[in-house]
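Inspection log for the structure reproduced underneath, given as structure tokens.
FYI, it's all coordinate maths here, none of it is from the lab. All values reported here derive from a predicted model rather than from experimental measurement. Counting neighbours? That spans all protein chains shown, and the Cβs are built from the backbone with ideal geometry, glycine included.
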Amino acid sequence: MVRKTLKNIVFILTLRCDHASRLLSYSQEAPLNRAERWALYFHLLICRMCRKYKKQLKLMRDILGRLTESRLYDIVAPSLMTEEQAQALQGRISKKIRENLDSM
């Protein structure tokens, strides 16, 4: 128990930008555990570039959300791929992101 707590404290205090950006991306798909949330919180307090990256992710998510709601998506999307293909692609991307984060 003490070892895990110390490991989490070290993780929180030593989070690097590359890992923080992965956590920011992953947090769009699934909730982070407590140590990851705290590490990201403290990292964002001191890192201007990661705060900027977080804002950019939010902007992209908002834009893509509007695109899926618009009529343009209904016109263009069927010519790009079927619904089943889109869901399969989303599943593969989410799986790859989780695998990469787990291997860290």
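Structure data summary
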{"read-out": "Number of positions in region 47-67 that are of a type in the set (Phe, Trp, Tyr) and farther than 18 Å from Arg22 by Cβ", "value": "0"}
{"read-out": "Subset of region 32-62 that is in a helix (DSSP H, G or I), surrounded by 11 or more Cβ atoms within 10 Å (Cβ to Cβ) and of a type in the set (A, V, I, L, M) - its residue that is nearest to the chain's Cα centre (by Cα)", "value": "Leu57"}
{"read-out": "Count of region 11-40 residues which are of a type in the set (S, T, N, Q) and closer than 17 Å to Leu57 by Cβ", "value": "4"}
{"read-out": "All positions within region 14-31 that are surrounded by fewer than 14 Cβ atoms within 10 Å (Cβ to Cβ) and either basic (Lys, Arg) or not in a loop (DSSP other than H, G, I, E, B) (or both)", "value": "Arg16, Cys17, Asp18"}
